[in-house]
Amino acid sequence: MNVSDPRITQVHTIDLRFPTSKYSIGSDAVNKDPDYSAAYCILEMDSGLRGHGLTFTLGRGTELCVTAIEYLSRFVVGRRLSEITENFAAFSRQLLEDSQFRWLGPEKGVIHLAAAAVINAVWDLYAKVEEKPLWLLLADMTPEQIVSTIDFRYIDDALSPDEALEILRAAKQTMPGRLKLLRTQGYQAYTTSVGWFGFSDEKICRLAQEALADGWTYFKLKVGGDPEDDLRRGRIVREAIGWQNRLMLDANQKWGVEESITRIRALQELQPWWMEEPTSPDDILGHARIRRETKPTRIATGEHCHNKVMFKQLMQAEAIDVCQIDSCRVAGVNENLAIILMAKKFGVPVCPHAGGVGLCEYVQHLSAFDFLYVSETMEDRVIEFVDHLHEHFVTPVDVRSGRYYLPEVPGYSIEIKPESLQTYAFPHGIYWSSEEGWPLGKVMAARQAVRR
C-alpha cells in the first residue's frame, strides 16, 4: 500500500434528500416545491483516505444520478490517484467518452451530473493527499499543471492552451498579494435566502431587514409570477435594503424571449444589478436578443448550461454579462477551470450559482481560483449564499457579514456528517422512515424512475 499514492478500491453511493419543500426553501417560479437533494459518492482508498463528491438535485430523479455514478465507478475503481492526476484531462475525457453510455448525453444531463460527482470526489481526495484545501491546491499548481487538467476539445477555437497559459502565467506573478487579501478580507457574497418564491411579503421584508443588519449588501429575489406581484415584492425588498445596496432578480427560465423583454423592462424601476435566467438556458440567441433589448440591465445565466461548449457560445454571441458556473452541472472542477479561463478572455465576470445543498461549500474554492489565478479581481464578482443545510457538513462554509472566509481544512469541503447520511438517505433513512417523513417519502417513492 502506498499512502501517498492510494488506490481506489470501492465507490459507495447514497441517495440523499432533505425535506426543504415543507418550508418553501429553494422555491422559485418554476421549481415550486424542491426537496434539496444530492447523489452522493464516497471513493474508498486502500490508504484509508476517502474522497467525497456529490451532484445536486431537487428530489425526484436523484436515483437516476446515483445509478449513473455507479456505472461510472468502473472507470475509477482499481486506479491509483497518480494515474488520474498526472493526466487529468485524459481521465475526464475517458469518463465522458464511453462509446455507448455517452449516447445518453453526450456531455449533458444525468450522465454529466454523475461525472461531476465522481470527478469532484477525485479532486477532494487529491487535495487531502496534498494536505491542502482545494483552492490552495489549485493556487500552488504551476500554469502548466492547470492547463494539463483541461480538455480543450470543442473550445480551442475560443481559448487555446497557449492563451490559457498566458493568462495563468501573468496572474501567477502577482498572486502572493491577492492570497494575503483573500485570507484576511474574504470574498463578497450575496444572499438568496431572503427572497424565495414561496415566502410571504411579510417574511421577505423581515428577512431582508435581518440580513441588512447582519452586514449583507447584495440580495436576490425570485420573480416570474404575476407581473404586479413581482413588482410589489421587489418594492418591498428595495424599501427594506435601500437603493445603495444591490438587488438581483431571478426568473428561473420562466419566460419566453418576447415576454422576457417586456417583463425585464417593467422591472427596471427596481434597478436590478442583474436579471438571472430570464428564459430557456438552451436559447443562446434568445439571451443575446434579450441582452440587446433590455440594456442597461445585465443578463446572467449558466447554472443550467450543460457544458463548456454552451458557455463558449454564450460568450461568443455576447449573450451574457455574468457567467454563473455551477460546481456540478458541468463535469466538475476540470470543466469549470476551462469556463473560468474562457470568461477571462471574453471579459465576463464569474459569479457562481450556489443555490443548493453543498454548492456553497463547493464554489468558494472555484471563486478563489478565479481571483488568485485568472481574473485577478473581485470587482463585479460575488458568490451566492443560501443559508440552508450547512449544519450537515463536516467543514461548512464560514460566511460572516456578507463575505466568504475560505477553509484551511484539506479537501473540497463536501464531506457530509455520517449521522446526516444515516438520517436523510432515501428511502430508508431515519427521517424518511419516521412518521414525520413517511408521507412525503411515500409520494417520492411512488414516482421513482429507478426502483432501488
Quick check on region 255-295: of everything there that is over 24 Å from GLN244 (Cβ atoms) and of a type in the set (Ser, Thr, Tyr), which residue is surrounded by the most Cβ atoms within 10 Å (Cβ to Cβ)?
SER260
Taking THR149 and the conditions (1) outside the structural domain of ALA338 (by TED's automatic domain parsing); (2) surrounded by fewer than 18 Cβ atoms within 10 Å (Cβ to Cβ); (3) under 20 Å from VAL374 (Cβ atoms), which numbered condition does it fall short on, given that it satisfies the others?
(2)
Scanning for something buried (at least 17 other Cβ atoms within 10 Å of the Cβ), of a type in the set (Ser, Thr, Tyr), under 19 Å from the mean Cα position of the chain (by Cα) and not assigned by TED's automatic domain parsing to the domain that holds PHE369, does region 92-100 turn up at least one residue?
yes
If a residue has to be touching a Pro at 6+ places or on another chain (Cβ under 6 Å) and either hydrophobic (A, V, I, L, M, F, W, C) or without any contact (Cβ under 8 Å) to a residue 60 or more places away in the chain (or both) to count, how many in region 15-51 make the cut?
4
Taking only region 433-452 into account, find how many residues are more than 16 Å from ASP15 (Cα to Cα), at pLDDT below 80 and small (Gly, Ala, Ser).
0
Identify all residues within region 158-199 that are part of a loop (DSSP other than H, G, I, E, B) and either surrounded by fewer than 17 Cβ atoms within 10 Å (Cβ to Cβ) or polar (S, T, N, Q) (or both); write none if there are none.
SER160, THR174, THR192, SER193, GLY198
Could you say which residue among PRO133, PRO161 is in contact with a helix residue (DSSP H, G or I) (Cβ under 7 Å, 6 or more places away or on another chain) and free of Cβ contacts under 8 Å to residues at least 24 places away in the same chain?
PRO161
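The values are calculated or read from the model by the stated rules, or taken from the named source; none is laboratory data. The structure presented is a predicted model; accordingly, all values stated were derived computationally and were not measured. Every residue, glycine among them, receives a Cβ derived from its backbone with ideal geometry; neighbour counts consider all protein chains shown.
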